[in-house]
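A short worksheet on the structure shown next.
The values are calculated or read from the model by the stated rules, or taken from the named source; none is laboratory data. Not measured: the values here are computed from a predicted model. When we count neighbours, we look across all protein chains shown, and the Cβ atoms used for this are built from the backbone with ideal geometry, even at glycine. For accessibility, only protein heavy atoms count, side chains too; no ligands or nucleic acids. Shrake-Rupley method; radii C 1.70, N 1.55, O 1.52, S 1.80 Å.
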2 protein chains.
Amino acid sequence: MSRPVLIRPGGRSERIQKAVHEAVRALQAENAEITVALIADRAAVTPSTIYRRWGSLAELLGDVATQHMRPDAQPVSTGSLEGDLLVWLDQFVDEISTGVGRAMIRERVENVALARIAAGYAFANLETLVWRAVERGEPAPDPDRLMDLLVAPVIYRLVFVGQVIEKGYQKELVALATASAPQLQQSAHQPSIRRS
Amino acid sequence: MSRPVLIRPGGRSERIQKAVHEAVRALQAENAEITVALIADRAAVTPSTIYRRWGSLAELLGDVATQHMRPDAQPVSTGSLEGDLLVWLDQFVDEISTGVGRAMIRERVENVALARIAAGYAFANLETLVWRAVERGEPAPDPDRLMDLLVAPVIYRLVFVGQVIEKGYQKELVALATASAPQLQQSAHQPSIRRS
DNA sequence: GCCTTAATGCAACTTTCTAGCGTTAGCAGG
DNA sequence: CCTGCTAACGCTAGAAAGTTGCATTAAGGC
């Protein structure tokens, strides 16, 4: 999921990485056009450096988004899976529709890479929530199923339709997802997905 | 959803359109690299013509895909919504994972446009199926909900994860979707989605 | 056949991305 | 403190992708 962007820590490399990241965020905040040239200019760096380090604009944006999303790695706990999911989904929708998502809709930056990263973090969070539920003895569906029932619709509507799912409908989705827990769990042993 | 690509019928324009479309399909079939230059070359046309007519490679591919998908505009009828959905979803997954989808996964052509078109046709088909069900007096969810519960997972996995959903899991999804029919229908009157 | 007009071809041009090469900054060993 | 080593950078040239203006061509109407 986008290369780790390894660098020699603490030195010129780090300085430049920081400068570039800040340039990107500044441009995003200003709602300005986002191009490699503009970023390079603002960060006082040559475009070629950006291409070398990140490979493409998409990956750079992905890298920035990654760092921005990392914070909510520990989703809040409410005591029940349904509650946890509700809170988390609302947060997820909000985050994806303000930061990352806005850029995807607004610009032509059809940035699948960004959505992919968002999905990656979503999965990690959902795993945590499911794990908690299982520890409490609550029935819980596979994180994979939750991805399909919660994250997939959200991302689908955002990327392909340009819509944001509202709280009321979020609730329905969560209800449906939690309700489907045992039934889906039954067949969890037969692999139902294959790599293409 | 991608401009209609209107042309003066029966003349040079049509000839060129056909030549370009065939060039695209030929390249797709050969698993060859797909670039505007190669397409133009094979169709004996200047690249600028392609850019003018279609605007971008993505739109051209979208146009080709559109024509290729149109045939199943009349999905088969089995007598029940669940049956209809099963057959249709299987077809949809197959189509999207062989033609359009392969291109999306294989290449870097992160072609959101294609998926969008596919989704458009999917929606039209689902509407038909739901309409039939309603006519039979069967409870049926909104086409929108079906998009979220069936199409969204399929596309999500395809585009973001590179997976194809198998028949067994398709069945689960369909079961879940049909089961959720009445419950979701209740709240169909309050709009649960807003444009961003 | 002539006229009108949409669409194409051609070529110049801009933008975006890539690659080679010399230079610089950080780091380690003496 | 000096010296050598190397990853990363800046600069520049150039390839590739995409855009635009203008002359030319081919359909269709009269």
task: Among the candidates B:Glu30, B:Glu22, single out the residue that is open to solvent by 50 Å² or more (accessible area, probe 1.4 Å), more than 15 Å from DNA strand D (Cβ to nearest atom), at pLDDT below 90 and not assigned by TED's automatic domain parsing to the domain that holds B:Phe123.
output: B:Glu30
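Whether any residue in the range B:62-69 is without any contact (Cβ under 8 Å) to a residue 60 or more places away in the chain and within 15 Å of DNA strand D (Cβ to nearest atom) is what I want to check.
No: zero hits.
Given A:Asp94, A:Asp90, which one is away from DNA strand D (no atom under 12 Å from the Cβ), among the acidic types (Asp, Glu), open to solvent by less than 60 Å² (accessible area, probe 1.4 Å) and assigned to a helix (DSSP H, G or I)?
Answer to the check: A:Asp90.
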- request: Taking only the range B:39-55 into account, find how many residues are open to solvent by 70 Å² or more (accessible area, probe 1.4 Å) and part of a helix (DSSP H, G or I).
  value: 4
